[in-house]
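Inspection log for the structure reproduced underneath, given as structure tokens.
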Amino acid sequence: MPHESPRSARAYHRQIEEALNDSFQRRTLDKFAVEYRASRDKVFEEVDGRELIRRIADVKDAAAQHIEELYAQFKTEAEKRGVVVHRAADAAEAREIIAKIAAENGVKSIVKSKCMTSEEIGLNAHLRAQGLDVCETDLGEWIIQLRNEGPSHMVLPAIHLSRQQVAEDFERVTGEKQDREDVQRLVKVARRELRPKFEAADMGISGANFCIAETGSIAIVTNEGNGRLVNTLPRVHVALTGLDKLVPKIDDALTALQVLPRNATSQRLTSYVTFIDGAGPCAKSPTGRKMLHIVLLDNGRTKAAKDPLFSQVFRCVRCGACANVCPVFRLVGGHRMGHVYIGAIGLVLTYLFHDRQIAKTLCQNCIGCGSCKDICSGGIDLPALIQEIRARFGREDGSPLPAKLASLAMKNRKLFHTLLRFANFSHRPFAGSDGFVRHLPMVLFGKQGFKSLPSLAKKPFRDMWPELQKGAGQDAGKPKLKIALFAGCAQDFAYPQQLVAAMKVFAAAGVEVSFPMEQTCCGLPLTMLGESKTAADVARQNVAAFAGEYDAIVTLCASCASHLKHGYARLLGDDAAAAAFSAKVMDFSSFVHDKLGLDSAVVAHGNEKVAYHASCHLCRELGVKEAPRALIRQVAEYVPSAEEESCCGFGGTFSAKFPEISAELMRKKLAHVTESGAKRLVLDCPGCAMQLKGGADKLGLDLKVTHISELLADNLRDAK
Ligand code: SF4
């Protein structure tokens, strides 16, 4: 076993703590994440990345639906060219097929180039058990083989190791003292050790990135010369790959090739792209031609292809980008954010191909920031797949008690709101006069102690409404626009001041506001907990509550906005009323900037230095980037900070489940803001406010954290 995979939440938390204490890995992944983003952006400037991704998705979606035809065509064409094509139903059959090829050809030694599918089926151990000498020849793969570890990244398998650790391993293998600082010399040692292996090998095993049905050829994308040595020198070549690598035409592979290297390693093209079109000449073979076998693995792929949601996994080109941008991977590394496959897709493939229990644990560790979906070469909606896996576990295994209780309470709006009012009453002894709870007993606070918590408001927004309604523009002549306000639980009960500030802005700009009292939680926390049935009930309640005629349904919560706009369609299917409701939903910044418009008669420009935190749901799920920054510039001095669009670590229930990770993400975000010199940080989401306001308070920072509505309200001309 390459590394210990978690079978229980307790074991997983222990492994996470260890990973967080690995300072080398933390530094390396941090540096890599920042440099990767910058270099990737640059290399995508010259192509229409979104269009290419859309084309890859279309081709792969169609391939998933025509897998049998493509396989038959590929097999026919490849066999015409002297190739033997095998199909393996599962990992065991694939291992047996390859072991049999080795036995029938009198193979003793095998060289391998990088092949994640071979990791998927545990091939090396099986072949070694048959007495075969199996040697990985990709530098990173060779290093981890020497350590008996699995890859910690699909493209950079040894990224978790320092040169000193590698030098130690090389000393052990060669029996020679190594220079621990000279990387080039270490590379030469690897080359010297591996050359004789290539020369002696009877069989080469590679993967294949594309299997092209129209020609029966395969394409292999690599950056090291070892791949070609593996494919050319030995007399037998086995290419092992998944059925998901079938594409109809060479043009489809060429389209994907414009994205794969750019997304994987920020290269226009990798150093080697090899197309193998049939069994070529081979001096070592008794027939004078290469014995070429292609093994296509199913192992759950045809079942996934039939699933309307999970068929998306066919779009994966294994670029590894979903790990590169994952904030959790960046902190804990691939051995803790994956099983065999790494990153967001690793969580999904663990569920589809490997171990249900491990998948159940790992899938909890997705913060739902959407970075993976945003960058994926195939546009896979990875957060939706992970959410669906959680929901399936909830349905199949029964929900854990906290999820069950949340579901019971939230299903009934009146009960839920009564409980929130009771919570306000019960936590008052711990609340300070400034609205923070800093000193809950350890049994309640525990690892959550990294931030101060907001105390619930003495008066929720809904109780203020009868009074506020008087200034809500309903009696003040013809309004410019009529909206309905969706409060969301966090603002209604913890941060009503954010909504009150918005009401001031609306009043100043001539907007008539309604507040339907029957509205309840948007249901996103229920979806995150896998309680999709109650989430759908709650969604229906909200759709009914907002049945009136409005120009827009406005919410100040980015997470609610994203869920109301996109999540309801997933929960309620093609319900017409829900679709009409979702179409009207707007986040506060977009509404104020794009639809309403604030002129200088309404707001003034001040000198305050203001930084912005882009909430994940706003900047990625809703694609809103410019509106909030433009609003800040309109009333203050906007101070950009590093990694403005990186996750703050809240993630709804995530911060309660993984406080150790949540705390690290929060600290990094606040460090960037502090470095910017800003005196105020604004955001669009009460969840992010809870995280960053509470964190700033706990860290004693001289930083005001507010919603963007409060910044605007503070700069209203009438407020001066
Ligand atoms: S899921 Fe997308 S981002 Fe992740 S490895 Fe596959 S193609 Fe790349």
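Please treat every number below as a calculation from the coordinates, not as lab data. Model, not experiment: these values are computed from the prediction. Virtual Cβ from ideal backbone geometry, glycine too; neighbours counted across all protein chains shown.
Report, in cubic angstrom per residue, the convex hull volume of the C-alpha atoms of the chain. All intermediate terms of the calculation are to be shown ahead of the outcome.
Working: hull volume 115.8 nm³, N = 720.
Taking the convex hull of the Cα positions in the chain, it is 161 Å³ per residue.
Residues whose amide H falls under 5 Å from that of Ser452, counting only those 5 or more places apart or on a different chain, are Gly695, Asp697, Lys698, with hydrogens built in the peptide plane. Annotation for Asp307 and Arg81: the two label points, set 7 Å from Cα along the Cα-Cβ direction, are 3.3 nm apart. Take the Cβ atoms of Phe24 and Val47, set R0 to 30 Å, and the FRET efficiency comes out at 0.30.
How high is the relative contact order of the chain, in percent, counting Cα pairs under 8 Å that sit 6 or more residues apart?
Details: 1329 pairs, mean separation 84.6, N = 720.
Once normalised by length, the contact order is 12 percent.
How large is the convex hull of the Cα atoms of region 62-155 per residue, expressed in Å³ as a whole number?
Details: hull volume 12.3 nm³, N = 94.
Given the Cα convex hull of region 62-155, per-residue volume reads 131 Å³.
Counted by Cβ distance under 9 Å from Pro383, the other residues give a net charge of -1, where Lys and Arg count +1 and Asp and Glu count -1.
Computed from the C-alpha gyration tensor, the three semi-axes of the ellipsoid equivalent to region 18-126 are 36, 27, 13 Å, from longest to shortest.
What does the net charge come to around Ile218 if you take all other residues with beta carbon closer than 13 Å to its beta carbon, with K and R at +1 and D and E at -1?
Details: positive: Lys75, Arg81, Lys245, Lys290; negative: Glu77, Glu214, Asp277.
Net of charged neighbours comes to +1.
Looking at region 139-242, the trypsin sites (Lys or Arg not before Pro) that sit in a DSSP loop and have at most 10 other Cβ atoms within 10 Å of their own Cβ are Lys177.
Among the lysines, which have Cα under 21 Å from the Cα of Lys284 when same-chain residues fewer than 8 positions away are ignored? Excluding near neighbours in sequence, the set is Lys100, Lys108, Lys112, Lys197.
Going by C-beta contacts inside 10 Å, put Ser109, Ser152 in order with the fewest on the left.
On the way: Ser109 17, Ser152 26.
So the ranking, lowest neighbour count to highest, is Ser109, Ser152.
Take every DSSP beta bridge whose two residues both sit in region 481-571; close to 0 percent of them are antiparallel.
In region 66-300, what percentage of the DSSP-assigned beta bridges are antiparallel, given to the nearest 5?
Approximately 25 percent, going by the DSSP bridge assignments.
Projecting label points 7 angstrom from Cα along Cα→Cβ for Ala283 and Asp251 puts them 4.0 nm apart. Calculate log10 I(q)/I(0) of region 609-719 for q = 0.18 Å⁻¹, where I(q) comes from the Debye formula with a single equal point scatterer on each Cα and nothing for solvent. Log10 of I(q)/I(0), two decimals: -0.84. Remark: the chain carries a charge dipole of roughly 880 debye about the Cα centre, counting +1 on each Lys and Arg Cβ and -1 on each Asp and Glu Cβ. When restricted to Cα atoms, region 252-402 yields an Rg and a Dmax of 18.5, 67 Å, respectively. Full extension of the chain between Asn607 and Glu181 gives 148.4 nm of extra length, using 0.36 nm per residue less the Cα-Cα distance.
Roughly what % of Cα-Cα distances in region 444-570 sit above 25 Å, to the whole percent? Walk me through the numbers on the way to the answer.
Working: 2397 of 8001 pairs.
I get 30 percent for the Cα pairs in region 444-570 exceeding 25 Å.
Our Cα-only numbers for region 147-271 put the radius of gyration and Dmax at 17.2, 52 Å. Calculated FRET efficiency, Asp574 and His66, Cβ-Cβ r, R0 25 Å, to nearest 0.05? Once the sixth-power term is evaluated, E becomes 0.45. Take every DSSP beta bridge whose two residues both sit in the chain; close to 25 percent of them are antiparallel. Summing +1 for each Lys or Arg and -1 for each Asp or Glu among the other residues whose beta-carbon sits under 9 angstrom from that of His126 gives +1. Only helical runs count toward this figure. For the chain, summing -39,500 (n - 2.57) over DSSP H runs of n ≥ 4 and dividing by all residues gives -14500 deg cm²/dmol at 222 nm. Taking 12 Å as the cut-off, the amide N atoms of region 19-33 that come nearer than this to a point 7 Å along the Cα-to-beta-carbon line of Glu675 belong to 31. Among the listed pairs Lys458/Lys482; Lys404/Lys447; Lys478/Lys584; Lys42/Lys245; Lys42/Lys565; Lys504/Lys669, a Cα-Cα separation exceeding 26 Å is found for Lys458/Lys482; Lys42/Lys245; Lys42/Lys565; Lys504/Lys669.
Here the spin labels are modelled as points 7 Å beyond Cα on the Cα-Cβ line, and at Arg540 and Ser162 they lie 5.9 nm apart. The loop-placed GluC sites (Glu not before Pro) in region 173-205, going by DSSP, that have at most 14 neighbouring Cβ atoms within 10 Å of their Cβ come out as Glu176, Glu181. Treating r as the C-beta distance of Arg191 and Tyr272 and R0 as 25 Å, the FRET efficiency rounds to 0.95. Across region 66-300, the convex hull enclosing all Cα atoms gives 123 Å³ per residue. Ranked from largest, the principal axis spans of the Cα set of region 481-640 equal 49, 31, 28 Å. Within region 174-221, the proportion of C-alpha pairs whose separation exceeds 13 Å stands at 72%.
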